[in-house]
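In what follows, a structure is listed as structure tokens, so that the remarks can point back to it.
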Amino acid sequence: MKKYSLLIIFILFLIIVYHTWIFSNGIFTYGDWWYFWNESLISVRVSYFNIWISDFNLGRVSLGIGQALTWGAYGFLNRLIGADYQLGLKIVHLFPIIIFTPLGMFVLLKKYIKSNIAQLIGVLAYCFNTYFLTLQTGHLTLMVAYSLLPFILYFFIETLEKKSIVYGVTTALILSLASAYEPRVAYITLLILFMYFLYELFNNIRGYKKLIITAFYAGFPVLLFILLNLYWIVGLAFTGSIVENELFSRSLFGNEFLNILYAITTFHPFWTGIQPNVFVLEDIPMYQWFIPMGAILGVYLNRKNSFAVFALLLGLVGILLTKQSGMPFQDLYLWLYTHFPGFNAYREASKFFSLIVLSYAILIAFLAEFIINNQFKNKHFLYLGYTLLIVITSIFLFNTKPFINGSINTVFISRHIPQDYFLFKNILISENHYSRTLWVPTLSRWGLITINHPAISLVETMNSDWLKQTILFRDDEKTAGQIMLSFIRSEKFGELVNDSNIKYIVVPIQDSANDDNFFQYYFKSRNEYITTLNSLSYLQKKQIGQSSLVIYENKNYLDHIRFASPSATPTSMLHYNLVSPTEYTIKANNIKDTTSIIFSDIYNPNWRVRIGKFNWFNSIFDKRYYLPSSVNSPSSSGMNSFYFNSDEVCKIYSCVKNADGTYNVEMTLYFSKQAVVNLSLIISGGTLGTLIIYLLYSFWRRKP
Amino acid sequence: MRLLFNKIFISLCLLILWFGLTMWYILTIDKSFLVYSIPHDMSAVKNFTQKPLLKGEKVQGEIVSAENGLGIISIRFKSSKRIPYKDEDLLLFRFKEKGSQNWYYQNTYRSGMIYDIPFLPFGFPIIQNSKGKIYQFELESLKGNTKNSVVLDNRSPRVVSKYKQNKAQILAKPSALTEFLLKKFVNSMQIVDVYYSSIVFLLPFIFYVLWGVGYIKLSNKKKKSFSGSLNKLLSRINNILSQYPFILISIPLILICIDVFLLQVLNDLLYIVMAPLWIVICKKYKLDCNYTALFSILLLLVSLPLVRGGSIFAAEKAASWSFTFLVTLFIQMILDRKHAGKKRNT
């Protein structure tokens, strides 16, 4: 019992810190951490393996495909065990944070440090620093991925040291899991592994033979990682999104929030000691300086330990990057951001705090071991050492205070869904016909999103999918709210609302208690939106529940896939079926001459039409599988417009000719790059299966 | 003889390094090879104040153009904490010839630029025949408040004017090019940031010469001559430096303190020169990495009161030097490990 007393105390402490996450069944949502209805979990989250997804606005290339496994897990858990958002969140994100963050660090430290107390101090430094604690208030994907970081480093080191395939495979699997949570953390982790490899080469490798062997064992987990993640790498590469996308094209941000002082003291600029104050720079508390001091002393006193010196390297690189455009080397980050492949995913440098956190946690543990093992010859130094250690440990323990007393708020308090949102959700799911819902000015966190009923945020769509159509309304002198209101009053609004299949327009409830009040950001009151929408004759107000949620119905909305009038004959009919967000089957009957079909997702040239039977595998190798890409062009509303001559098409492809000379055509509308994603998914899935079987086999063989 | 040749060759290389780095820094400051800077005396800013410039407040100044091709006036500000972009002050800069009714040029600038470029250049269309004329400038705060206001720096020079020269004219004759380079170098050296940097860049050469003087052995004949006396002097210096190594060790540390507390020069080359120099010093005087770790911690500790006292820029400087010492510490540890490994192998 005595042997485990420290462990039991630590587990009890973890339970106290995370008591809300562990014991409450409430809904945790805050900031960018969104709530999802069960219907959304099944419909949207499972669809993340598609490279095109039409859940939000007018559809998009899914940049989140790399996270499909973890987002999809919510949907699969819902289907398998009926887990709702709350339970899914706990299983997929919250419990892994609570368990893996300390466990991973413990596993790593145990390899180098014998003292249990020193290990514990290192674990506390890793778990309860201000950066990781701030992440836990909303950036949960990042945090889970960081919790796996020490595991990955540990298994990679073991791979190189023991020249072990099993460890290499484990490294690749955990790295892929981290990537499934947050690919950007996987990139940082690869950077760390690469640094370790170089460090190892410089320190211990003599001769070409050893170099080649070490390079092989360092390289093959990375190769496996690439194979495991091929589906999204290929998907994004083929759609041209891996180099240039809305995330990678953003300019550098937040130079004013980071400098070398924040970096070197590992103090998150928004950490207040209670709920983080986003975009407000906080002063660094004096006690925070003890942390780098402890780390420097840790490496100095253990300078003969190779891993301690490597930890210093991690910290140095971390500081150099995290300070962003601060001194020294002010232009370095911008240069890396502009020129270094993959670096443009980090528009602000705070993610590199993780390198410093890992470094300091290791070095502080080394310092603790040095002091605990009484290696100081001078008694005074020993007392000073103990004092420093107590102060440093207290800092990390003190950081947990807002989590224990609940003042951290954010995703540590339970939110409540207003009744009207339940009612509106039920209305939507009872309607099988495809329609979109426009949220004015933007989407509430309680808004339903499904593949059949996507949500549109007015402010976001005006800045993206409707940008060209609404350019006339832009004015630098006006606030976003003024621009939106003048657009709503215009004829263009009605036209776009119909074209975009918007059946319902909703003005959300102004609900500060549940972090659902965004009206202030656009400088117009909720009433002004309601008054403006009331004046539109084509909208009909719909009464539900307590009427606190204002809903308008638009009877004139058009179908998702339709003939572009007047291209069809009076008897022409069109039926379509949504197979997946990247595939629709269409039956067009009684068409003649030139036909134009509108598909009201935002225009993308990768949407192609296949006449006749469809098989995605064949489409990869047959260049004439689809109608020429030129048949798809953007409509006046910026959507996909397919224009072809049925007489000519039916000469080549199989159609049914009717007695009146018209044709019945069966076709498939497909996002062509999904075929490559499917193929890559098979490779990635096959690799995953093989690796798991290999690990199980190895484990079975090792048993006596 | 060969040793002496090597010494001379390395000394020459270090001199070239000093000149090259100094010229590089001058070019970085001037932004263009064809531009050169002339500092003005402290009276260039007439109503100089060290108080924050609040909304509606102005500073005015006057300079006599030293050359043709005037195109930039740089004014030195005190660096302060970065503030969010949306909260930045807007500074209205106006410029005209003395006696003129209208402003020749006016434009607004965001105060956030001062964090990156404390010696902020205000550009205007180049005045070709500016030589000898008097020009007036004015700087007005449009949104200054207690949080975002800028403060002028009292350090000399407060104002620098920059002149763009004609490329064809400079390259026409070697003498014109030499004259231009000389002017560019001499004028820039009057700017404290440049001559401070130049001193740091010269340190490797100075140290090398001072360490190397003991090697110069002259023949008996020459010993009686002037060069013999010089040799004696150099040997004496060498002896003193051997007896009191802290004299040389303290030079880089004093320069770092000057940078942190007084100058806060924005020049990354300083760290790049100082880090290897410190490694060589440690090796020369057999200082182990204790001192490097100590100075790193000390500089880190120095940043704390500076932050508390509101001198954020100086604090960042101290932390930057602390970081440089940490990098040095890492390199020293790696080299020590390599050295120990080799020893074990032999």
Working only within region B:153-178, note down all residues that are loosely packed, with under 14 Cβ neighbours inside 10 Å and closer than 30 Å to B:Lys51 by Cα. B:Asn154
Return the residue satisfying two criteria in turn: it lies in region A:32-56 and is in a loop (DSSP other than H, G, I, E, B) and among the hydrophobic types (A, V, I, L, M, F, W, C), and of such residues it is surrounded by the fewest Cβ atoms within 10 Å (Cβ to Cβ). A:Trp34
Within region A:304-330, the residues that are under 20 Å from B:Leu299 (Cα atoms) and within 9 Å of chain B (Cβ to nearest Cβ) are A:Leu312, A:Leu313, A:Gly315, A:Leu316, A:Ile319, A:Leu320, A:Lys323, A:Gly326, A:Met327, A:Pro328, A:Phe329, A:Gln330
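Mind checking which residues of region A:298-307 are crowded, with 24+ Cβ neighbours inside 10 Å and either in contact with a Ser or Thr (Cβ under 9 Å, 6 or more places away or on another chain) or in a helix (DSSP H, G or I) (or both)?
Within region A:298-307, A:Gly298, A:Val299 qualify.
Can you tell me which residue among A:Tyr386, A:Tyr360 is aromatic (Phe, Trp, Tyr), surrounded by 18 or more Cβ atoms within 10 Å (Cβ to Cβ) and out of contact with any Phe, Trp or Tyr (no Cβ under 8 Å at 6 or more places or on another chain)? Explain how you work it out, then say what you get.
On the way: A:Tyr386 fails: surrounded by 18 or more Cβ atoms within 10 Å (Cβ to Cβ).
Matching residue, one of A:Tyr386, A:Tyr360: A:Tyr360.
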Picking from A:Tyr333, A:Tyr262, the residue that is touching a Pro at 6+ places or on another chain (Cβ under 6 Å), buried (at least 21 other Cβ atoms within 10 Å of the Cβ) and more than 9 Å from chain B (Cβ to nearest Cβ) would be A:Tyr262
What residue, of A:Ile551, A:Ile586, is among the β-branched types (Val, Ile, Thr), closer than 20 Å to A:Val506 by Cα and touching a residue at least 40 places away in the same chain (Cβ under 8 Å)? A:Ile551
Tell me which of these A:Asp660 doesn't satisfy, since it passes every other one: (1) assigned to a helix (DSSP H, G or I); (2) out of contact with any Cys (no Cβ under 8 Å at 6 or more places or on another chain). (1)
Qualifying residues in region A:281-297 (those that are at the interface with chain B (Cβ under 7 Å from one of its Cβ atoms) and more than 28 Å from A:Gln375 (Cβ to Cβ)) - the one surrounded by the most Cβ atoms within 10 Å (Cβ to Cβ): A:Ile284
Odd one out for A:Trp71, checked against (1) under 30 Å from A:Thr393 (Cα atoms); (2) under 16 Å from the mean Cα position of the chain (by Cα); (3) not aliphatic (A, V, I, L, M): (1)
Among the residues of region A:275-294, are any at pLDDT below 85 and small (Gly, Ala, Ser)? no
Restricting attention to region A:471-517, which residues are over 27 Å from A:Ser54 (Cβ atoms), in contact with a strand residue (DSSP E or B) (Cβ under 7 Å, 6 or more places away or on another chain) and part of a helix (DSSP H, G or I)? A:Asn514
Considering only region A:221-235, I want to know if a residue exists there that is buried (at least 20 other Cβ atoms within 10 Å of the Cβ), within 14 Å of chain B (Cβ to nearest Cβ) and in a helix (DSSP H, G or I). no
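Does at least one position in region A:192-200 carry a residue that is surrounded by fewer than 17 Cβ atoms within 10 Å (Cβ to Cβ), more than 27 Å from A:Tyr131 (Cα to Cα), within 14 Å of another protein chain (Cβ to nearest Cβ) and among the aliphatic types (A, V, I, L, M)?
Of region A:192-200, the ones surrounded by fewer than 17 Cβ atoms within 10 Å (Cβ to Cβ) are A:194-195, A:198.
From what is left, the residues that are more than 27 Å from A:Tyr131 (Cα to Cα) are A:198.
Okay, now just the ones that are also within 14 Å of another protein chain (Cβ to nearest Cβ), so A:198.
Those left that are additionally among the aliphatic types (A, V, I, L, M): A:198.
Yes: region A:192-200 contains one or more residues that are surrounded by fewer than 17 Cβ atoms within 10 Å (Cβ to Cβ), more than 27 Å from A:Tyr131 (Cα to Cα), within 14 Å of another protein chain (Cβ to nearest Cβ) and among the aliphatic types (A, V, I, L, M).
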Checked pairs for region B:97-116, first more than 14 Å from chain A (Cβ to nearest Cβ), second exposed (fewer than 15 other Cβ atoms within 10 Å of the Cβ) and not in a strand (DSSP E or B), C-beta under 9 Å and 6 or more apart or across chains, list as B:Thr108/B:Leu142
Report yes if some residue within region B:77-91 is of a type outside the set (Val, Ile, Thr), closer than 30 Å to B:Asn166 by Cβ and more than 14 Å from chain A (Cβ to nearest Cβ); otherwise report no. no
Is there any pair linking a residue in region A:2-28 that is within 14 Å of A:Ile404 (Cβ to Cβ) to one that is among the charged types (D, E, K, R), with Cβ under 8 Å and at least six apart or on different chains, and which? A:Trp21/A:Lys90
Checked pairs for region A:274-300, first in contact (Cβ under 8 Å) with a residue 60 or more places away in the chain, second assigned to a loop (DSSP other than H, G, I, E, B) and among the hydrophobic types (A, V, I, L, M, F, W, C), C-beta under 9 Å and 6 or more apart or across chains, list as A:Ile274/A:Ile408; A:Gln275/A:Ile408; A:Pro276/A:Phe270; A:Pro276/A:Ile408; A:Val278/A:Phe270; A:Gln288/A:Phe267; A:Ile291/A:Phe267
Scan (1) part of a loop (DSSP other than H, G, I, E, B); (2) farther than 29 Å from A:Asn426 by Cβ; (3) over 36 Å from the mean Cα position of the chain (by Cα); (4) touching a residue at least 12 places away in the same chain (Cβ under 8 Å) for the single condition A:Lys524 breaks and write down its number. (3)
Residue list for region B:315-332, restricted to those being out of contact with any Phe, Trp or Tyr (no Cβ under 9 Å at 6 or more places or on another chain) and facing another protein chain (nearest Cβ under 8 Å): B:Ala315, B:Glu316, B:Ala319, B:Leu326, B:Phe330
Within region A:401-433, which residues are surrounded by fewer than 20 Cβ atoms within 10 Å (Cβ to Cβ) and of a type in the set (Phe, Trp, Tyr)? A:Phe422
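For B:Arg337, are the conditions met, namely being at the interface with chain A (Cβ under 7 Å from one of its Cβ atoms), more than 30 Å from B:Lys147 (Cβ to Cβ) and of a type outside the set (A, V, I, L, M)?
Details: at the interface with chain A (Cβ under 7 Å from one of its Cβ atoms): yes; more than 30 Å from B:Lys147 (Cβ to Cβ): yes; of a type outside the set (A, V, I, L, M): yes.
Answer is yes for this residue.
Keeping to region A:62-80, report how many residues are hydrophobic (A, V, I, L, M, F, W, C) and in contact with a Phe, Trp or Tyr (Cβ under 6 Å, 6 or more places away or on another chain).
Restricting attention to region A:62-80, the residues satisfying the condition of being hydrophobic (A, V, I, L, M, F, W, C) are A:63, A:65, A:68-69, A:71, A:73, A:76-77, A:80.
Still in the running and in contact with a Phe, Trp or Tyr (Cβ under 6 Å, 6 or more places away or on another chain): A:65, A:68, A:71.
Selection size over region A:62-80: 3.
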Residue list for region B:45-93, restricted to those being in a strand (DSSP E or B), without any contact (Cβ under 8 Å) to a residue 60 or more places away in the chain and surrounded by fewer than 19 Cβ atoms within 10 Å (Cβ to Cβ): B:Leu90, B:Leu92
Write out, first by first residue and then by second, each pair whose Cβ atoms fall under 6 Å of each other, whose residues are 6+ apart or on separate chains, and whose first residue, in region A:601-621, is within 23 Å of A:Ala455 (Cα to Cα) while the second is in a loop (DSSP other than H, G, I, E, B) and of a type in the set (A, V, I, L, M, F, W, C). A:Asp601/A:Leu58; A:Ile602/A:Leu58
Specify the residue that is farthest from the other protein chains (Cβ to nearest Cβ); the eligible residues are those in region A:336-350 that are in contact with a Leu (Cβ under 7 Å, 6 or more places away or on another chain), part of a helix (DSSP H, G or I) and in contact (Cβ under 8 Å) with a residue 24 or more places away in the chain. A:Ala345
Pull up region B:290-314, narrow it to residues that are small (Gly, Ala, Ser) and over 20 Å from B:Tyr271 (Cβ atoms), then point me to the one that is farthest from the other protein chains (Cβ to nearest Cβ). B:Gly309
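The values are calculated or read from the model by the stated rules, or taken from the named source; none is laboratory data. Remember, predicted model here, so these are calculated numbers, not experimental data. Methodologically, a virtual Cβ is constructed for each residue, glycine included, from the backbone with ideal geometry; neighbour enumeration extends over all protein chains shown.
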